[in-house]
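Chemist: Sharing a structure, written as structure tokens. Questions coming.
The values are calculated or read from the model by the stated rules, or taken from the named source; none is laboratory data. Computed from a predicted model, the values in this text were never measured in an experiment. Cβ: placed from backbone, ideal geometry, glycine included. Neighbour counts: every protein chain shown.
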């Protein structure tokens, strides 16, 4: 097990493993996405208050979850970079950032489009919306900082520290709706109580969340493979490919 | 773990804990600014600013929604189940506005203690269910 983990840490090995996984992940993603969208847009009933408009939840909520998840994954990579100086963690961290930024942007835009008819406004500076916007800036900061430093191993150390410092924002986002009065509603699913959503809506929501999760791994593998090729372009194993 | 790695792990933990404490104190001191709205109890208790716009959030009291005068102005009471404040608003209400709904109004208090709103937003709750179920629930409650 430990040996397997060590082997996975070597870029050429990861390159090959990821390449083998990609076709399977493609199918998993497609099946989950079609099932989730069909369940959410066709099978699920309209909401008792919001009617059909609530259906944006099937994109908004999984995207928001992923925006938090990817940042935590980046922070874990950051810790691994600083403690163990592992090359693969550097690659995973920087490859995750644009994907996380996209999910954050998607969550902000879909929420804003839903907010106009439901709340009566596209944007307010309440705690949840503001902290999620800060998360977007953290992602952009990670990307910018990485591009600003030429030596990629030094860049990775700097970015690791930014990712670790920014992780403080994650619990703030999650608990913002409990700690302060906000316009954004409280948690529906991610709480210790029973989810306050009917199962016919919850099931497609979870399918969509799984689909987004698989998409992240898929996009991450593609980006990591490209980054490995770029970094090791002069090494012997790539000439042999 | 080698001693060097242990030291680096310790440094990371120290850094994250330090930043968290700093941010925690900053947020604590900004508490009132981050609060998106005041409750009617706080407004009646004089905690809301008197001379500038602020937001007040609460439930619309059933049976208090009226359109006095020209028919453009809506008047209703907001409650947090302890205190009520009367709100007046001339403008377009959001779709979710109804009696019993949580809303947030942005405006000022006038001389007679009524809240004159410039903007009314609906606060949605976290419950999602099909309309048939909602019907069943209100029947059992009645």
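Chemist: Condition check: in contact with a strand residue (DSSP E or B) (Cβ under 8 Å, 6 or more places away or on another chain), within 21 Å of residue A:62 (Cα to Cα) and not in a helix (DSSP H, G or I). Does residue A:124 satisfy that?
Modeler: No; evaluated as a whole, the condition is false for this residue.
Here is a yes/no grid of residues against (1) closer than 23 Å to residue B:15 by Cα; (2) modelled with pLDDT under 95; (3) part of a helix (DSSP H, G or I); (4) touching a helix residue (DSSP H, G or I) at 6+ places or on another chain (Cβ under 6 Å):
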residue	(1), (2), (3), (4)
A:128	no, yes, yes, yes
A:139	yes, no, yes, yes
A:145	yes, no, yes, yes
A:160	yes, no, yes, yes
A:172	yes, yes, yes, yes
A:178	no, yes, yes, no
A:188	no, yes, no, no
A:201	no, yes, yes, no
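Chemist: I need a count of the residues in the stretch B:25-55 that are more than 8 Å from chain A (Cβ to nearest Cβ), outside any helix (DSSP H, G or I), at pLDDT below 85 and within 21 Å of residue A:178 (Cβ to Cβ).
Modeler: Of the residues in that region, 2 qualify.
Chemist: Moving on. Condition first: more than 30 Å from residue A:188 (Cα to Cα) and either surrounded by 17 or more Cβ atoms within 10 Å (Cβ to Cβ) or more than 14 Å from chain A (Cβ to nearest Cβ) (or both). Now tell me which residues in the stretch B:80-106 satisfy that.
Modeler: Within the stretch B:80-106, B:86, B:88, B:89, B:90 qualify.
Chemist: Going by what's in this entry, would residue B:59 be described as away from every other protein chain (no Cβ under 11 Å), crowded, with 18+ Cβ neighbours inside 10 Å and within 30 Å of residue B:98 (Cα to Cα)?
Modeler: Judged against the criteria, residue B:59 is a match.
Chemist: Can you tell me which of B:74, B:120, B:85 is part of a strand (DSSP E or B), farther than 25 Å from residue A:114 by Cβ and at pLDDT 85 or above?
Modeler: B:85
Conditions tested, residue by residue: (1) within 11 Å of chain B (Cβ to nearest Cβ); (2) surrounded by 15 or more Cβ atoms within 10 Å (Cβ to Cβ); (3) under 17 Å from residue B:37 (Cα atoms).
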{"residue": "A:115", "(1), (2), (3)": "yes, yes, no"}
{"residue": "A:125", "(1), (2), (3)": "yes, no, yes"}
{"residue": "A:151", "(1), (2), (3)": "no, no, no"}
{"residue": "A:176", "(1), (2), (3)": "yes, yes, yes"}
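Chemist: Looking only at the stretch A:80-98, how many residues end up being modelled with pLDDT of 95 or more, farther than 22 Å from residue A:16 by Cα and surrounded by fewer than 23 Cβ atoms within 10 Å (Cβ to Cβ)?
Modeler: So the count comes out to 1.
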